Amino acid sequence: MNAFSLTPAAAEPHLHVARRSLDRLRGVPALAARYAGHGEPRTLDDVAALPPLVKDDLNVALAHLRPAAERGATWLFQSGGSTGAPKVGYAPTGFYMRGVYEQWRPLHRDDVFVNGWGAGRMWGAHFLAGAFADLSGCQVIALGSVGRDEYGDWLSFFGDREVTAFGGTPSVLRLWFAHARATGVKLPALRKVLWLGEAWHPQLDEDMAAVAPDARRWGMFGSTETWVAGTNTPQCPADVFHLLPSQLVGVDADSDGLLDFTTLDPDVLNPVLRYRTGDAGRFVTCSCGREDRALHILGRRDSVVQVRGLGLHVDDIVARAEREPGVTRAQVLITERQGRVASVDVLLLGVSDGDLPERLRRDLMSGTFTISTAFQHDPESFRVSAVDELISNGRTGKTSGFVVREEP
């Protein structure tokens, strides 16, 4: 049974967008049969009765529909990008940031903002943040990807320019603040840290307190398909977000709290209609004092894990490895140090071909978006190895396809 973020009075006048998305999905031959017997959604109950979409369904729909914006350019992005089909998203120029700006204003005209989201590999966050900064009228330093040997010079530049705001994924932000703290760099003008792309990490709070004691976090939540769905402020818990009025979010109590998203923005290009990203959550009253219904994000409920701010589809990696001749079973081992992914190992059982591990490693590095991007500065931290046994749970004897090992 679904609970929704919007009340019937707030949602139903805008369900014509959901009806338009349904019409588009019905026009996709591979998906038309699933909506047979479902009428036009005119109430929240009608929306809840529709079958949910998942990643592969939406990719099929987008490949057939080829959306186009009515005004400006049509931007095409992808994320996830494992050896299976990536998650695809279309957006018009502006990336729907006008609606975000109406609700959430961490940046102002007198800010100097570092856009630290990666700008390449078809990920939309850097461009999305740039569109948001444009609405604020602030100064922008479009940083993008930086090697670790460049941190010192850039931090000095940030200090000289009196940077007041810094944005990026928490994994990237942790690298910057950890380096600054270790080298004694202070950023006294920094007041705001914007983040999007993965969960906030408490270690950032400690490092920020040492480097920029007046800085506070401002978060966005969303995906390549939904774009930004919610925001929070320094007064909100890091895992609680206030949803945008253009996002109808359902919580399915019968499936471990899985979330589904229906976009009600009339400019939407993706036919997001009860789309499930794999996140789970529940509705709460936020401690910040706002009276609207907020969403507490409980984490992932699928095989996608966050590796340095990007989603790695573990099941796809395992399936790819197990297609190799002689491989009886594969396992992904992620090693974390101080809460950050330090390395990823693909372990292969039953290998007789001594060249296979390195050959598979090259294939995964060149053909897997998440791996090639996450380890572009330290490719040696992604490894493929032949082993005599996989890692098992000593208590239960179970061997899973995915293991996390924490090191000090």
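FYI, it's all coordinate maths here, none of it is from the lab. In this text, all values refer to a predicted model and were calculated from it rather than measured experimentally. A quick note on method: Cβ atoms are made from the backbone with ideal geometry, for glycine too, and the neighbour counts reach across all protein chains shown.
Overview of values
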quantity	calculated
Candidate aspartates and glutamates - alpha carbon under 19 Å from LYS87, same-chain residues fewer than 8 apart omitted	ASP56, ASP57, GLU198, GLU225, ASP260, ASP279, ASP302, ASP315, ASP316
Rg followed by Dmax, in Å, when region 212-328 is reduced to its Cα trace	17.1, 59
Kirkwood Rh, Cα atoms: Rg over Rh of region 305-407	0.95
Residues in region 89-133 reached by a label modelled at HIS377 [backbone nitrogen below 17 Å; 7 Å Cα→Cβ]	114-121, 126
Extent along principal axes [Cα atoms of region 90-302; Å; largest to smallest]	50, 33, 31
5 angstrom amide H check on TRP117, placed H, neighbours 5+ away	GLY144
Extension reserve of the HIS108-CYS288 stretch, reckoned as 0.36 nm per residue once the Cα distance is removed	62.7 nm
Relative packing of peptides 137-145, 47-55, 267-275, 245-253 - highest average C-beta neighbours within 10 Å first	267-275, 245-253, 47-55, 137-145
Spin-label proximity, ALA386 to region 319-358 - amide N less than 13 Å from point 7 Å beyond Cα toward beta carbon	325-328, 348-358
Computed helical MRE - 222 nm, the chain, DSSP H runs ≥ 4 contributing -39500 (n - 2.57), nearest 500	-8000 deg cm²/dmol
Extension gain (nm, one decimal) between ARG323 and SER156, 0.36 nm per residue minus Cα-Cα	55.2 nm
Full-extension gain in nm, ARG98 to ALA68, via 0.36 nm per residue minus C-alpha separation	8.9 nm
Mean projection area, nm², convex hull over Cα of region 148-242	6.1 nm²
Volume per residue of the C-alpha convex hull in region 9-149, rounded to whole Å³	151 Å³
Rg over Rh [alpha-carbon atoms, Kirkwood Rh] for the chain	0.97
